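Asks: Attaching a single structure in structure tokens format; questions to follow.
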Amino acid sequence: MTEQIRFNDGAAYDRYMGQWSRLAGAAFLEWLDPEEHLRWLDVGCGSGAFTEMLVTRCAPVSVDGIDPSAEQLAFARARVASPAVRFDLGDATAVPFPDDVFDAAVMPLVIFFVPDPVAGVEELARVVRPGGLVAAYAWDMPGGGFPYEALKVEMRGLNVIVPEPPSPGASRMDVMRDLWTGAGLDAVDTREIVVERVFADFEEYWTVIFGSPSFGPKLAAMSAADLALLESRMRARLAADANGRITCIARANAISGRVVMG
């Protein structure tokens with residue numbers, strides 16, 4: 001049995017996943033190469049990391065970010081100070097907007113958190129105008145692409161239940177393609193994204209992990225002996241370079257499609 005993850009601390013989440021999100025998001029936007037001056041919807045905007053990238057890179061007319069966490073939204077509002085941006089509570093499977101009001105809608109690192117991915121993609125397609133863009137990227141959970149996959153493996157080896165999103169299989173490339181075509185989207189294209197994050201040393205990595213909403217509570221509940229064993233195993237897995245730096249690799253699957261012209 002697994003436990004689901006709840007993200008209610010924007011600052012802690014940003015330390016844990018923000019840099020990963022920006023690394024993958026930059027590659028994603030470079031691949032999409034979207035037009036400027038679009039009306040964007042950012043579903044599952046969280047701490048606002050990707051929303052901020054849209055503002056700085058895409059010169060949008062507007063960006064509406066929605067997320068189910070009021071705490072995350074508060075952090076995002078403090079982070080992204082732009083009159084073009086608005087953040088509101090919202091559910092990916094019941095997007096609080098009428099049909100055809102956006103030029104582009106994205107799910108950045110979100111689809112595996114959506115309990116009903118089919119409904120989530122259909123909602124994206126519903127609120128985007130004909131010819132508009134519907135896109136997403138997500139860590140390849142089944143394929144081991146999650147940034148902290150090695151830690152998950154070692155924790156499970158010590159019989160520690162690791163929190164999981166409700167729909168990890170939705171991040172598979174073939175599943176995402178089926179979701180996009182099933183929602184009636186056209187010109188569907190996919191791309192694998194590989195990114196690296198460098199930690200100054202193992203201590204920085206360990207501090208980030210302990211402060212994370214996914215792993216922190218589980219680590220804090222472990223016995224001293226098991227925690228020491230876990231740390232030893234992770235030090236062996238994450239070999240440092242000559243300067244003590246730790247490099248971690250993650251892999252995401254990206255997809256885009258267009259709403260069919262009427």
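Asks: Between 0 and 90 degrees, rounded to the nearest ten: what's the tilt of helix 49-58 against the longest Cα principal axis of the chain?
Replies: Tilt of helix 49-58: around 50 degrees.
Asks: Still on this structure, I have one more. What stretch of the chain, leaving out the sites themselves, is the longest with no GluC sites (Glu not before Pro) in a DSSP loop having at most 14 other Cβ atoms within 10 Å?
Replies: Between the exposed loop sites, the longest stretch runs 37-262.
Asks: Sticking with this structure for a sec: Taking every DSSP beta bridge with both residues inside region 10-258, roughly what % is antiparallel (nearest 5)?
Replies: 50
Asks: Using the Cα gyration tensor of region 24-68, with a ≥ b ≥ c the square roots of its eigenvalues, what is the shape: rounded (a/c below 1.5), prolate (a/b larger than b/c) or oblate (neither)?
Replies: Oblate.
Asks: Quick check: from the Cα gyration tensor, does the chain come out rounded (a/c under 1.5), prolate or oblate?
Replies: Prolate is the answer for the chain, as a/c is 1.5 or above and a/b outweighs b/c.
Asks: Still on this model: Mind pulling the angle between the C-alpha long axis of helix 224-237 and the longest principal axis of the chain? Nearest 10 degrees, somewhere in 0 to 90.
Replies: The two axes meet at around 70 degrees.
Asks: Which angle between 0 and 90 degrees, to the nearest 10, do you get for helix 173-182 versus the longest principal axis of the chain when only C-alpha atoms count?
Replies: Helix 173-182 sits roughly 20 degrees off the main axis of the chain.
Asks: Please identify every one of the trypsin sites (Lys or Arg not before Pro) in region 233-262 that sits in a loop by DSSP and has no more than 16 other beta carbons within 10 Å of its own beta carbon.
Replies: Answer in residue order: R245.
Asks: Can you tell me, using C-alpha contacts under 8 Å and at least 6 residues apart, the relative contact order of the chain as a whole percent?
Replies: 23
Asks: Expressed as a whole number of Å, what is the distance separating the alpha-carbon centroids of region 100-175 and region 186-248?
Replies: 20
Asks: Next question, about the same structure. Go ahead and collect, in residue order, the members of region 117-134 whose backbone nitrogen is under 18 Å from a label point 7 Å along the Cα-Cβ direction of T93.
Replies: Under cut-off, by backbone N: 117-127.
Asks: Further, regarding this structure: From the helices alone, meaning DSSP H stretches of at least four residues, give me the mean residue ellipticity at 222 nm for the chain, per-run term -39500 (n - 2.57), in deg cm²/dmol to the nearest 500.
Replies: Mean residue ellipticity, 222 nm, calculated: -10500 deg cm²/dmol.
Asks: Would you calculate the separation in nanometres between label points at E30 and D174, each defined as 7 Å from the Cα along the Cα-to-beta-carbon direction?
Replies: My value for the distance between the label points is 2.9 nm.
Read-outs throughout are calculated quantities, based only on the coordinates presented, and are distinct from any laboratory measurement. Quantities reported herein were computed from a predicted structural model and do not represent experimental measurements. For neighbour counting, all protein chains shown are included, and Cβ atoms are generated from backbone atoms with ideal geometry for every residue, glycine included.
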